[in-house]
Amino acid sequence: MADRGRAAGWVLGAVLLALPLALPQFYVLLATEMLIMGLFAVGFNLLLGYGGMVSFGQAAFYGVGAYTCGLLLKKTGLPFPAAVLAAPLVAALFALVFGFFCIRLTRIYFSMLTLAFSQIVWATAHKWYALTGGDNGLIGVPIPVALSGPRAFYLFTAVVAAGATWGLWRAVNAPFGRTLLAIRENAERAEFVGIHVRRAQLTAFVLSGGVAGLAGALFALFTRGAFPEYAFWTKSAEVLLMTLLGGPHVFLGPALGAGLLILLNSVVTSFTEYWPVVLGAILLALIYLFPGGVTRLFVGRSAAPAGGEGG
Amino acid sequence: MPDLGTFLDPGFLAVQCLNGLTQAMFLFLIASGLSLIFGVLGVLNFAHGSLYMLGAYLSYTIAAHFVGSPAAFWVALVVGSLAVAVVGGLVEAVFLRPVYRREELEQLLVTYALVLIISDAVKFVWGPDNRSGSRPAILAGSVEIAGRAFPTYNLFVLALGPLVALGLWLLLSRTQFGRLVRAAANDREMVGVVGTDVSRLFTGVFTLGAWLGGLGGGLAAPVGAIFPGMDVEVIVESFIVVVVGGMGSLSGTLLGAIVIGQLNAFGILLFPRFAIVFVYVLMAVVLVARPWGLLGKPVTR
Amino acid sequence: MLAVEGISRAFGGFQALSGVSLRVEPGEISAVIGPNGAGKSTLFNVITGHLVPDSGRVTFQGREITGLPPHTICRLGVARSFQRTNIFPRLTVFENVQTAVLSHERRAFGLWTPARNLGRARAMAVLEDVGLAHRAGEPSGSLSYGDQKQLELGITLALDPALLLLDEPTAGMSPQETRTSVALIERIARNRRLTVLFTEHDMSVVFSVARRIRVLHQGRILAEGTPDEIRRNDEVKRVYLGEGAIRRLRA
């Protein structure tokens, strides 16, 4: 039963991914953006849903990834695949350094420090003209000719995002995912079960940062540029909202949230400039009426995030 | 970077220092409300910048109604800040009360939703263009300090800051309300157990905090640009002040405001390009070395 | 196996432990008893690394473990259960134990192989031992209190420890549950040759199971000896009967 369900899931997933290719260009571009933010959000949820850590600074790694990829492509002769791969690695390195300090703190202090580091990244990108182009940003990032068409780029993004997501899925269903959940449920007890809690949390932080960096690189390629706003705290808020909207208790919930939010944004902004108030209303509805996000409406109250089975 | 001669001129330094202090007083007014709300309610009120912005816009509009009258500014300041206080009280009662039992993140998100809504509401009512208020006639000039012109209005703010701080201190230490507030900041649950109407207390504190924010906005109206987006600009700096000074500590907020104010004033002078990084670096350093801030209560990390 | 020497620990102005020393021999089942507030939990916290003592040392199997973090001490073979149930509420019963098994097998950080069936055999064996195998798929938070305490024990056992520290293992249990639990602990301790140190308020459990008893009072070891010796100790009687804390004493 489970196997048939899973096979159906794969087929559905493949169909969904292929669908935009048949639509007009506008939707292809929209879908590309959805995939990128979806990837970002799923990686973010490793921290929030699985690790129970609220980071206000993941945009830092998104921005670092974007700039790394953009700078490598524009200013060095590095081959395309290397530049794309370098982005999550550099972002993960930043996450390692930042995370080392952040993990030592809890709750609001943790969140505030992630915010502080992220703003430092933003401010540096904003002001270091020589390196990043300052607030003009980095423009004219070259991408291979083969990917310059929207459909080709969409396919590329789909493959990369799906691959990274699959890697995360493996990690989350592997013992590491259980460890994170245990820490989230009862960090003290996890410590007394022999789990090095700090190391597990740092690992999650680095993984999440790396995925954010990959998403950032994809977005830099998508927009042919990198800008300081990519690292501003509102980007972190955006990914947080997407995760909560979709639901942090289901692995792909955040991706759904990302898709929904981008779609809603696109629809609403086409006939009014007052998107923030709509977003605010959605957020309030989310908190008061359906906490747990859209997926909880369908999946119902489950014991724990995806992977909560036993016996 | 100014040449060394001007920089070492004590008059110049003095004026810069006063500039920093002025900015500090603005920051203190706004951040004090934030600190109070966090200390008592435990809520990090993202919407505080929005209340500040509301105060600025309302003061501007009210003053515009009385244009020509010397009392315009004062009436606008008082009425505007009180109006914001009322808005604050309503907001707390309607939006925050249902989520007190929930997780901190959800409370924070409610305030963020309010930021979005208020921001658009302001844009809807007043439009997206910049406005600027004007100073009252008696404060419009400048005073000579160490051979340099220093705006009288800034002196006024410099005087008002400590006055408000004193007023708050008196309120907290001498009144029944203040006693309750301090008790609740120490132990929220106990206060409810001993029979205090916690909801009313929370609404009261939030109203007070909102009033402070609105007051800050009303005072800022004549000197800065009034524009949608000033809420976001000010809230992050307020967070930094509260973090550096110590969350929930009013004296810490004052100290934090002074530190940040001076850091900004001199930072822009010494490293005009990178000045904005300093405050964030300071925030990070404080959180790493001493998370509870300069004057906060040490907590387990 | 375990040597505690001169442990002192204060909280603010309150001296929770002063100069506590004791030795636990391998294979021995022994107990620490004392009125509420005597410092039993603090002692356990110090031994397991949750607290750093102000002075003194703790040695386990010849190796000093004072001040090491809890997860390291746990890895060395000291496992602890908690007075209030300390489980992973939204995980299933199986996952609760599996987490401990995976940690013990050093697989907690595995990033690739699905965890669904890892350590299953061991986890189920432990669940069988504590009588919870039939509830393996249920969220542990929905278990009754007694079952949760059994799970608590199960998690501790899954770590295959050399030294078991049980903090009031039968607290809040009915007499029936207490009997089952005690029998289980004795059986497992015997089969696996575990060393057990526990604290308890239920004197019938203490006096029937423990070979050695130490009495802790106001942060100090008041008396130490076999159950008979303790029963006849006048100071112990004064402390207990004077404070009315004792519940049942088998004559």
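Where a number appears in this text, it was derived from the coordinates with a stated rule and is not lab data. Computed from a predicted structure; not experimentally measured. Cβ atoms come from the backbone with ideal geometry, glycine included; neighbour counts cover every protein chain shown.
So, R0 is 51 Å and r is the distance between the beta-carbons of residue A:224 and residue B:182; what FRET efficiency does that work out to, to 0.05?
0.35
In a Gaussian network model over chain A where Cα atoms closer than 10 Å are linked, find which of A:229, A:238, A:191 has the largest mean-square fluctuation.
Of A:229, A:238, A:191, the most mobile in the Gaussian network model is A:191.
For the modelled label position 7 Å from the Cα of residue B:159 along Cα-to-Cβ, which residues of segment B:42-83 have backbone nitrogen atoms closer than 16 Å?
Label zone hits: B:74.
Using each residue's phi in segment A:260-270, evaluate 6.51 cos²θ - 1.76 cosθ + 1.60 at θ = phi - 60° and report the 3J(HN,Hα) Karplus result to the nearest Hz, with x for Gly and Pro.
4, 5, 5, 4, 4, 4, 4, 5, 5, 5, 6
What residues have an amide H closer than 5 Å to that of residue C:217, excluding those fewer than 5 places away on the same chain, when H is modeled at 1.01 Å from N in the peptide plane?
Close amide H contacts, sequence-distant or interchain: C:222.
Where does helix C:145-158 land angle-wise versus the long Cα axis of chain C, in degrees 0 to 90, nearest 10?
Computed tilt is about 80 degrees.
Using the structure shown, select from A:75/A:127; A:127/B:297; C:40/C:237 the pairs with a Cα to Cα distance greater than 24 angstrom.
A:127/B:297
Where in segment B:22-64 does the amide nitrogen come within less than 11 Å of the point 7 Å from the Cα of residue B:130, taken along Cα to Cβ?
Backbone N within reach: none found.
Once Rh is set to the Kirkwood radius over Cα pairs, what Stokes-Einstein translational diffusion coefficient, in µm²/s, holds for chain B at a temperature of 37 °C and a viscosity of 0.692 mPa s?
It comes out at roughly 166 µm²/s.
So which helices of chain B fit the span-like rule, where a helix is a whole DSSP H run, its Cα atoms reach 30 Å or more along the axis, and its mean Kyte-Doolittle is at least 1.0?
In chain B, the long hydrophobic H runs are B:10-41, B:104-126, B:152-174, B:198-220.
Using the basic label-point model (7 angstrom from Cα toward the beta carbon), what is the residue C:54 to residue A:234 distance in nanometres?
Between residue C:54 and residue A:234, the simple spin-label model gives 5.4 nm.
Quick one: go through segment A:282-297 and flag any residue whose amide nitrogen is under 13 Å from the point 7 Å out along the Cα-to-Cβ line of residue A:107.
none
With angles folded into 0 to 90 degrees, how steeply does helix C:175-192 sit against the dominant principal axis of chain C? Use alpha carbons for both and round to 10.
The answer is roughly 80 degrees.
Rounded, prolate or oblate for segment A:178-311? Axes are the square roots of the Cα gyration tensor eigenvalues, ordered a ≥ b ≥ c, and the cut-off for rounded is a/c under 1.5.
Here segment A:178-311 falls in the oblate category.
Other chains' Cβ within 10 Å of A:124-131 residues: what's the mean?
That average works out to 2.
With r as the distance between the Cβ atoms of residue C:229 and residue C:176 and R0 = 30 Å, compute the FRET efficiency 1/(1 + (r/R0)^6) and round to 0.05.
0.50
Between residue C:128 and residue B:174, how many nm apart are label points set 7 Å from Cα along the C-beta direction?
If labels sit at residue C:128 and residue B:174, their model points lie 7.7 nm apart.
Taking amide H positions as placed in the peptide plane 1.01 Å from N, state which residues far from residue A:225 in sequence (5 or more) or on other chains have amide H under 5 Å from it.
A:141
Could you tell me the distance between the Cα centroids of segment A:79-146 and segment B:8-51, to the nearest Å?
29 Å
Roughly how many nanometres apart are two label points built 7 Å out from the Cα toward the Cβ at residue B:106 and residue B:285?
Rounded to a tenth, the inter-label distance reads 3.9 nm.
Can you give the average number of partner chain beta-carbon atoms within 10 Å of each beta-carbon in peptide C:82-93, as a whole number?
5
Please arrange B:48, B:65 by counting, for each residue, the other beta carbons lying within 10 Å of its beta carbon, fewest first.
Ranking B:48, B:65 by Cβ neighbours within 10 Å, fewest first, gives B:65, B:48.
Counting helices only, and only those DSSP H runs with n ≥ 4, report the 222 nm mean residue ellipticity of chain A as the sum of -39,500 (n - 2.57) divided by its residues, in deg cm²/dmol to the nearest 500.
Computed mean residue ellipticity for chain A: -24000 deg cm²/dmol.
Using a simple charge model, +1 on the beta-carbon of Lys and Arg, -1 on the beta-carbon of Asp and Glu, nothing else, what dipole does the protein assembly as shown show about its Cα centre, in debye to the nearest 20?
Once rounded to the nearest 20, the dipole reads 1500 debye.
Using each residue's phi in segment C:219-226, evaluate 6.51 cos²θ - 1.76 cosθ + 1.60 at θ = phi - 60° and report the 3J(HN,Hα) Karplus result to the nearest Hz, with x for Gly and Pro.
x, 10, 6, 7, 7, 8, x, 6
Explain nothing, just the number: dipole magnitude of segment B:61-193 about its Cα centre with +1 on each Lys and Arg Cβ and -1 on each Asp and Glu Cβ, in debye rounded to the nearest 20.
300 debye
So what is the calculated 222 nm ellipticity per residue for chain C, using -39500 (n - 2.57) for each DSSP H run with n of 4 or more, over all residues, to the nearest 500 deg cm²/dmol?
-11000 deg cm²/dmol
Run the numbers for residue B:97 and residue B:223: contour at 0.36 nm per residue of separation, minus the present Cα-Cα distance, in nm.
41.8 nm
If I build a Gaussian network model for chain C, linking alpha-carbon pairs within less than 10 angstrom, which residue out of C:239, C:206, C:196 has the largest mean-square fluctuation?
C:239
Can you check what the Kirkwood hydrodynamic radius comes to for segment A:26-232, Cα pairs only, in Å to one decimal?
17.2 Å
For segment A:166-226 and segment C:192-218, write down the distance between their C-alpha centroids in whole Å.
Using only Cα atoms to place each centre, the spacing works out to 42 Å.
Could you work out which residue, out of A:96, A:105, A:12, moves most in a Gaussian network model of chain A, that is, has the largest mean-square fluctuation with Cα springs under 10 Å?
Maximum fluctuation in the GNM of chain A, among the listed residues, is at A:12.
Taking H as built 1.01 Å from N, whose amide H comes closer than 5 Å to the amide H of residue A:174, not counting residues under 5 places away?
Placed amide hydrogens put C:115 under 5 Å from residue A:174.
Give me a comma-separated list of calculated 3J(HN,Hα) values for segment A:30-38, in order, Karplus coefficients 6.51, -1.76, 1.60 applied at θ = phi - 60°, integers in Hz, x for any Gly or Pro.
4, 5, 4, 4, 4, 4, 5, 5, x
Averaged over its residues, how many other protein chain Cβ atoms are within 10 Å of peptide B:278-285's Cβ atoms?
5
Mean projection of the alpha-carbon convex hull of the protein assembly as shown over all orientations, in nm²?
The orientation-averaged projected area of the Cα hull of the protein assembly as shown comes to 41.8 nm².
Roughly what angle does helix C:93-104 make with the longest principal axis of chain C, taking Cα atoms, 0 to 90 degrees, to the nearest 10?
Here the helix axis deviates by roughly 80 degrees.
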